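See below for the structure under consideration.
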Amino acid sequence: MSSHPHPSTGHPGPPRRLASVAVLVLCAVFCSLSAPSTASAQGKATPTQKEAELRKVNAKIEKVRKSVNADIEKRDRLSVQLRDAELGVQGARKRLDATRAERIASEGRLREFERELAKLEKDLTGERGALAGELRAAYVNGREEEIKLLLNQEDPATFGRMLQYYGYLGRARAERIGSIREKLERLALVREKVAAELARLQELEADQEREVAALRSAQDKRSKAVASIDSQIKSRGGELQRLESQARGLEKLIVELRKALRDVPVAKQAPFEPLKGKLPWPVQQGRVLARFGQPRAGGSMRWQGMLIGTDRGARVRAPFAGRVAYADWLPGMGLMLVVDHGGGYLSLYGHNEELFRKVGDPVAAGDVIGSVGDTGGHNQPALYFEVRRGRQPVDPQIWLQRR
């Protein structure tokens, strides 16, 4: 800036010029001091602010989830039956997995206690043997061994050394007896722990049997629900109608998720753009059963993602980092998880047997987010994988490494 007067003001004279310069300097100093705080206010949010934003977004997504479920219940009684049955299967399987994991941990603790028990018993056998030897020697020497030593010794120095030696022996015996007492107490405690762990294992075995029975019951309900849907499709010829209804439900979900995710703090750049052909597959093995754009339902509809057939229970991994935006059951998709990667990109994972993440969870590349199943009424284990840029589905295979 210039310190010369504005043409319209004439010559202000030295006092006014100095005042003007002083004002400009103060303004510059104020701006330089205030700039960092302004940048801070407009820049990174604090952890507390981020948590508050995420809570708001998660609350919006929960409303979307409830709305989707309400639509299902209004529209399709058989879908409700299938949803409840498949969620029941997932719940029973999770409880069974938790019981099995607890049982494995309990068996591990039991093995540790048994090893400690064996070591204590071995140590006790050794110390008892050593103490018995010392006691036998003391018995042979007689109870008044120190008095005998005093009467038999003529050299005071030798007597002193022998007396000190007997003192060491006496303290050693006392310490050994104390050690044996402590080990016996520890042995009794470990035996109690072994007994308690064995009782716990019996309880877990009973729990496991109950969970297996619950899982079988839920699977039976699921089979009946699938059979009812198949019967309805055959009797009414409604496969196309059902698929179209499911597609509309997915589109509505994506639209509502987009609205809810507007305020979520994620990266603005499109992370997928430089990674075409470089991302790992969401399942390690499997064959492509349906590709993006292939016709389905007699050619009147097309696949918007890809279907990968693989083993039931195979781990589903996120190919890229992001945040879980949806994790629930959806008609045609079954147990589905949606990951928001930022930059307008979403990835969808359908037909899962179990979902291992919930809404709002951060996901790193390679994280296990689910396991492959046949939920949604599918007839074989497979993963449905879809990528969306905005609301538009794009060929997911172009982002994956070539096999």
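The values are calculated or read from the model by the stated rules, or taken from the named source; none is laboratory data. In this text, all values refer to a predicted model and were calculated from it rather than measured experimentally. For neighbour counting, all protein chains shown are included, and Cβ atoms are generated from backbone atoms with ideal geometry for every residue, glycine included. These accessible areas exclude ligands, DNA and RNA; they are computed on the full protein's heavy atoms, side chains included. Shrake-Rupley method; radii C 1.70, N 1.55, O 1.52, S 1.80 Å.
Annotations for the structure displayed:
- Label-point separation in nm, E205 to R100, each point 7 Å along Cα→Cβ: 1.8
- Per-atom-type breakdown for the range 304-403 gives carbon and sulfur 45% of the accessible area (1.4 Å probe, protein chains only).
- Accessible-area value, W281, 1.4 Å probe, nucleic acids and ligands omitted, Å²: 30
- Remark: for residue pairs K63/K278; K60/K276; K259/K358; K66/K94; K276/K358, the C-alpha separation exceeds 29 Å in K63/K278; K60/K276.
- For the peptides 318-327, 209-218, 118-127, residues were scored by their other Cβ atoms within 10 Å and the scores averaged per peptide; the highest-first order is 318-327, 209-218, 118-127.
- Potential extension, L184-E127 segment - 0.36 nm per residue separation minus Cα distance: 19.4 nm
- Apportionment of accessible area to carbon and sulfur, the range 186-234, percent (1.4 Å): 50
- Normalising the average separation of contacting C-alpha pairs (under 8 angstrom, six or more residues apart) by the number of residues puts the relative contact order of the range 300-342 at 30 percent.
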